[in-house]
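Quick notes on the structure that follows.
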Amino acid sequence: MKIISILKKLNKETPAEIYYAGRYVCNLVRRKKSTKIEIVVRQISLQTVSKYLRRHRKNLKIEKLKGCISFSTDDINFIIRNPKKRGKYSPYFTLKEDAKEKAFTVNAMYLPIASKGPKGLIDIYRGRNDIRNRKIKVIGKADLVTKQNPAIMMETLSLAAHLNYRIDSNLFYAIKSNHALVKKVSINRIKFEFIKIVMSQKPSKYLRTMHDSGLMHMIIPELSICDGVTQNRKYHKYDVLTHCLTACGNAERDLVLRLAALLHDVGKPQVREEVVRGGKYKVTFYNHEVTGAKMARRILRRLKFDKEMALVVSDLIYNHMYNYEPNRWSDAAVRRFIAKIHISNKEIKKLSRMPVFLLRKADRAANGLNLSEISPRQISFEKRIKQVYNQSRVLHVKDLNIDGTVLIEEFNLKPGPTIGHILNYLLSIVIEDQSMNQRDVLIEEVSKYLSTALK
């Protein structure tokens, strides 16, 4: 028997009052599917509910959590709880008391489990009306709510981004007035809500709201100060902040790509220079990708992203400013690029799907000049990469005719970082001249390298 059928049976056979609740009801009203169902049960304990479920559904693995029980079945996650009041749970609290514990009106609706359709909707705070108006409102006075619970400010943005709703004006002004209180919120909670904004359908829209409210300045001030930083109008219509937000919105729905797009030009304010050459005014941002990569790594580590994520994102930013010139790039230069961004047999088959190229695509589409996402030069570059890749025998350390074991045996070296440094040095030589990939030649080069290093 399906879980909902069992709960309907429980509702009919006992004094229990069982309701759909929370985000699930919001999605029902919005006619959206859910993979998570929240259930509120009155008049009977969760222990009674658990026993009843197990009696009708053997082998059901029910997990006891604080104030609720949880289990998954048929790809649906169920959360069943008693009503809540001031942080405590009881089967005898009312739905009105429970609704007060909710943050947002759209999540404070209930539907009796026996109802057919939303006709029996219990809507204490007019959440259905806010859904019709596509608006996010809090329960209570917005200024007081944001002061008492500063975490609700980032949660407001992430919920608005998830639903693609606007934020009630009173709530927005409360966030703007109290944005400095976000410093009281744990970094992990901020990161959790920030990721939901970045991964939403329209991240640029809600990241802009994050900036306008002052929250961006408190959380990522390095990005916030990009506002109003003008660029060379020949290549960019927008200021740096607008360009970064737009690039994030253009990027595919992948966290690494979107973070890289959001932060790819964060180093520009640090290196911006205004120069006059030949009587012409020009704005330059030399090496902004180098500065930006370092800044992005610090930002992501500060926001508690793991080292690997921070490294991958910063590497993308560092490499996004390649400037391919067909007549100037030798085959060796192309090989250096292949090695630099780690193109292997797997990637060469789907070269245009390389993250650095996808970032470049999002970057180009965000310049506001209505250019094609992929330039003719980029198409030519990818074709050249494939040609050089197929013609080259050595592009990675593993392709060398020498390895770490040989270095240890021939030169009495100990395993460690030095072995990696030597192999990378040899790779740089062979990338320039493929004929150098001979064991005797490479051993001779190692001898030269070590003799120089020891001086």
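Odds and ends about this structure:
- In the condition set (1) of a type outside the set (Ser, Thr, Tyr); (2) outside the structural domain of ASN319 (by TED's automatic domain parsing); (3) under 20 Å from the mean Cα position of the chain (by Cα), LEU259 is compliant with all but (2).
- Set LYS147, LYS116, LYS176: member being assigned to a loop (DSSP other than H, G, I, E, B) and either at pLDDT below 95 or within 21 Å of HIS217 (Cβ to Cβ) (or both): LYS116
- Flag if ASN367 is part of a helix (DSSP H, G or I), of a type in the set (S, T, N, Q), within 35 Å of the chain's Cα centre (by Cα) and within 29 Å of VAL312 (Cβ to Cβ): no
- Here the condition is being in a loop (DSSP other than H, G, I, E, B) and modelled with pLDDT of 95 or more; of TYR235, TYR318, TYR324, it holds for TYR324 alone.
- Residue in the range 79-99 that is in a helix (DSSP H, G or I) and without any contact (Cβ under 8 Å) to a residue 24 or more places away in the chain present: yes
- Residue count for the range 297-324, restricted to those that are more than 27 Å from GLU382 (Cα to Cα) and either buried (at least 16 other Cβ atoms within 10 Å of the Cβ) or in contact with a strand residue (DSSP E or B) (Cβ under 6 Å, 6 or more places away or on another chain) (or both): 5.
- When ASN170, ASN188 are screened for being assigned to a helix (DSSP H, G or I) and under 30 Å from PHE305 (Cα atoms), only ASN188 passes.
- Count of residues meeting criterion [closer than 30 Å to ARG233 by Cβ and in contact with a helix residue (DSSP H, G or I) (Cβ under 7 Å, 6 or more places away or on another chain)] in the range 379-408: 1
- Annotation note: of LEU300, LEU311, the sole residue that is within 17 Å of PRO355 (Cα to Cα) and either under 19 Å from the mean Cα position of the chain (by Cα) or not hydrophobic (A, V, I, L, M, F, W, C) (or both) is LEU311.
- Lone qualifier among ARG393, ARG377 - being under 32 Å from the mean Cα position of the chain (by Cα) and among the basic types (Lys, Arg): ARG377
- Test for ILE131: is it modelled with pLDDT of 95 or more, within 36 Å of the chain's Cα centre (by Cα) and within 24 Å of THR14 (Cβ to Cβ): no
- Considering the conditions (1) over 16 Å from ALA332 (Cβ atoms); (2) in a helix (DSSP H, G or I), VAL430 is excluded by exactly one of them, (1).
The values are calculated or read from the model by the stated rules, or taken from the named source; none is laboratory data. Everything numeric in this text was worked out from a predicted model, so none of it was measured. Cβ: placed from backbone, ideal geometry, glycine included. Neighbour counts: every protein chain shown.
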